[in-house]
Amino acid sequence: MTAASDDTGDGQAPTHAIVREVPASFQHAIPPYEPGQTKTSAAVDIDVELARGQHDRYCEMLGAMGLEVIRLAADDLHPDCCFVEDAALVVDDLAIIPLMGAPGRRGESEVVATALGRFKKLHHLRPPATLDGGDVLRIGRRLFVGRSHRTNAAAVEQLVEVLTPRGYEIRSVPVHGVLHLKSAVTLLAEERVLFRPGVVDPAPLEGLQRLTVPPGELHAANCISLGGAVIVPDRAPSIASTLRGEGFEVREADMSEFRKGGGLLTCCSIIFGA
Ligand code: CIR
């Protein structure tokens with residue numbers, strides 16, 4: 001089996017995961033992204049109690065991967081707050097705090113920044129940059145940054161400014177059919193990604209080995225891979241079986257209620273080395 005990934009931003013072994021509890025208002029999360037969608041405030045058909053149980057099991061799985069899980073309290077004023085990945089980006093000793101792409105979500109950042117500030121130096125991106133953490137995939141010293149509806153060119157420029165002197169290469173990846181880059185590409189192992197075709201420009205990913213997810217399992221392009229173990233979403237039997245066959249220890253997470261809120265696996269945590 002190939003070496004497992006450690007998408008922590010600095011080669012430090014991942015030690016911690018920040019998560020945020022499911023708010024009572026979760027039914028009012030921004031609905032799943034569809035190209036050309038106009039926003040609706042209609043409630044999504046989410047079972048909040050079921051979501052909380054799924055979230056508990058998700059946290060247990062992160063714990064079983066050896067991570068110390070820091071559970072931040074929910075904020076009922078922010079129905080999407082459990083999608084904590086979007087609120088920050090950890091690279092080396094920095095926690096980069098963006099202005100999130102969805103204006104209604106920006107109030108989620110402060111609590112996450114405070115939690116990360118215990119471990120990292122905070123660096124706030126400046127307007128007009130907007131960025132969601134779900135658009136950033138680190139592989140070694142490369143940061144692939146999705147240019148999506150949420151993450152703009154100014155954010156990419158500011159990441160270049162801050163991280164190039166630290167030895168990072170920033171690659172911009174046009175995203176056109178999904179919410180975030182990591183809805184379609186996540187790291188499986190060194191230089192190897194799970195890949196959903198047709199929704200991101202593959203050119204900037206040149207050189208990476210891709211394991212393409214089959215049509216019935218597109219949501220499985222988003223997984224969490226650490227130390228030889230991989231959390232994959234439920235209802236992705238073919239990907240789960242392929243990964244088991246390759247020697248990964250596969251754990252399946254039922255995240256049905258989070259999918260209804262437009263999120264997948266990585267979006268519910270910020271994993272970093274402290
Ligand atoms: C949103 O539209 O912002 C949320 N409903 C879903 C965010 C999912 N985040 C992620 O995949 N990183």
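A few remarks follow.
- For the residues V44, V232, V136, a GNM of the chain with alpha-carbon springs under 10 Å puts the largest fluctuation on V44.
- Placing R0 at 22 angstrom, the Cβ-Cβ distance between R235 and Y33 gives a FRET efficiency of 0.70 after rounding to 0.05.
- Contour excess over end-to-end distance, with Cα ends at R141 and V162 and 0.36 nm allotted per residue: 6.2 nm
- Whole-number accessible area per residue in Å² for segment 166-274, which is evaluated in the context of all protein chains at 1.4 Å: 34 Å²
- Solvent-accessible surface (1.4 Å probe) assigned to D75 amounts to roughly 40 Å².
- Within segment 165-245: Cβ-based charge dipole about Cα centre, in debye rounded to nearest 20 (Lys, Arg +1; Asp, Glu -1): 120 debye
- Surface composition of segment 20-107: carbon and sulfur make up 52 percent of the accessible area, probe 1.4 Å.
- Inverse of mean 1/r across different Cα pairs in segment 132-249, Kirkwood, Å: 14.6 Å
- Extension gain for R71 to T15 (0.36 nm times residue separation, less C-alpha to C-alpha distance): 18.7 nm.
- Gyration tensor (alpha-carbon) shape descriptor, the chain, a/c threshold 1.5: rounded
- Amide H contacts under 5 Å for H124, placed H, 5+ residues apart: I97
- Estimated FRET transfer efficiency when R0 is 51 angstrom, pair R210-A24 (beta carbons, to 0.05): 0.80
- Alpha-carbon centroid distance for the pair segment 137-166 / segment 198-220, whole angstrom: 19 Å
- Segment 90-175: chymotrypsin sites (Phe, Trp or Tyr not before Pro) falling in loop per DSSP and having at most 16 other Cβ within 10 Å: F119
- Accessible surface of C82 - all protein chains present, 1.4 Å probe, nearest 10 Å²: 0 Å²
- Cα gyration tensor shape for segment 229-274, rounded if a/c is under 1.5, else prolate or oblate: oblate
The values are calculated or read from the model by the stated rules, or taken from the named source; none is laboratory data. Please read these numbers as outputs of a predicted model, since none were measured by experiment. Glycine gets a Cβ as well: all are built from the backbone with ideal geometry, and neighbour counts include every protein chain shown. Protein only, heavy atoms only, side chains kept; ligands, DNA and RNA dropped before computing areas. Shrake-Rupley method; radii C 1.70, N 1.55, O 1.52, S 1.80 Å.
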